[in-house]
Amino acid sequence: MKKYNRIQTLFFAGTILFFSACKKDYGNLNGPTVEAYQNNATAAELNNLVSGTESGMRNSIAFYLDDVGTIGREIYRFSPSEPRYVTDLLGANDAELSGSNFYIATPWASRYRVIKNCNVLIDAANNTTLITDAQKKGYTGFAKTIKAHQLLMNLNLTYSNGIRVDVADPDNLGPVVDYNAGLAAISSLLDEAKTDLAGADVQFPLAGFGAFGSAAGLLKFNRALAARVNIYEEKWSDALTALNESFFDLNGDFYTGINNVFGTGSGDQLNPAFIPQNQNGEVRVAHPSFTADIAANDDRINKTALRNTTASIPAGLSSNRDVWVYTSSTAPMPVIRNEELILIYAEANIQLNNFNEAIKALNVIRSKHGLGNYSGPQTQAALINEMLYERRYSLYFEGHRWIDMRRYNKLDELPTDRPGDDVWAEFPLPVTE
């Protein structure tokens, strides 16, 4: 395994069927079946599938953030009941990541459950005569967009170990494809969804989409995700094209975008990444480098909160700042937002040697976080470092730092905390694969 030293589910109206990429399901035999949705589904039934898809996107999201945040040296996750957060994930004492452990098996399966839900929604929409063709395109465009997003999250974890893209038929699963093929398939899926949404009529409610719950809004969301994939593919001009079709706004609110939302109502769920300040035992604290590396007057220090007492564990790790990105149990969690799009714009322009345009975008970020205009060298290498700094602090604990450092072959620049610790480049495939 490569490492660098110093790396709801199928919700049917309250009934849950669990799926993973492998052929395995655990169903409620008294509830609706997949087949029940393939035979002239009503709009209400299709809407249930949409709601289940949105709900499932939230499942195990904290495991994903803990995975990438810990390996990316953004956070420590101290848990008296689960030492693997500070052993396996930090590569302590020659520890190895295991394909059978919760940190890969749980988020991986959760993402594929949503993908299964999307596949059922696509089939159900296409096979019904009870809605218009334009309405069908609304459902399929939404489902393909979410499916692409979920595949990308799993590919972010396993990287060169790849993912399964084709899992529509559990009796005939497609092969595991490598990283580049995975990105290409995800990009193609987003393009398919774009075509669908261009002629769509969206008549279903969406939570967390705000102004982007219409066909036009979903198309902007789709293109925002496409821009993210484009920079992973190093298709810089394509990223700028996608941004122009998205909700990217250089002068807009940083938090405009699409969110996973949470609530206290019956059947809802709370934000699993929220832990109150100054808690003992189960805590999520900032890696000490977060404070050590931040520029003076950078207001993004407020993404962490100074603790009353330092949190420490016998394994030799400590921090005096709580992670404070999600400040309540119902705080929304971004899927993608405008601040990231501005940084994608800066990155693409750096790579295309459009330095003036890149610096303009970087200065938008800097000025709104208490920093003066960029005054460093106007070279590609220097601007890449500046862009990575801004991404590090603007997108803190949103799931990007580890992926960004890996994209730029900088994993060896991430700090290690103890002799023998390692920085992983990727997770192994789950043993179920």
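The values are calculated or read from the model by the stated rules, or taken from the named source; none is laboratory data. Given the structure is predicted, the values throughout are model-derived calculations rather than measurements. Glycine also receives a Cβ, built like all others from the backbone with ideal geometry; neighbour counts cover every protein chain displayed. Keep in mind that these areas ignore ligands, DNA and RNA; they rest on the heavy atoms of the full protein, side chains included. Shrake-Rupley method; radii C 1.70, N 1.55, O 1.52, S 1.80 Å.
General observations
- The condition of being in a helix (DSSP H, G or I), crowded, with 20+ Cβ neighbours inside 10 Å and small (Gly, Ala, Ser) does not hold for Ala311.
- Applying a threshold of 6 Å to beta carbon distances and a minimum spacing of six or more residues, or different chains, the list of pairs starting in region 282-307 at a residue that is among the polar types (S, T, N, Q) and ending at one that is surrounded by fewer than 17 Cβ atoms within 10 Å (Cβ to Cβ) and outside any helix (DSSP H, G or I) reads Ser289/Pro415; Asn297/Gly370.
- Qualifying positions in region 288-301 - surrounded by fewer than 12 Cβ atoms within 10 Å (Cβ to Cβ) and on the phi < 0 side of the Ramachandran plot: Ala292, Ala296
- Residue within region 317-326 that is open to solvent by 60 Å² or more (accessible area, probe 1.4 Å) and not charged (D, E, K, R) present: yes
- Evaluation of Ser100 against (1) open to solvent by 10 Å² or more (accessible area, probe 1.4 Å); (2) more than 21 Å from Val431 (Cα to Cα); (3) not in a helix (DSSP H, G or I); (4) not aromatic (Phe, Trp, Tyr) (one fails), failing number: (2)
- Against the test of being within 23 Å of Asn47 (Cα to Cα), at pLDDT 95 or above and open to solvent by 10 Å² or more (accessible area, probe 1.4 Å), the options Ser237, Ser214, Ser266 yield a single qualifying residue, Ser214.
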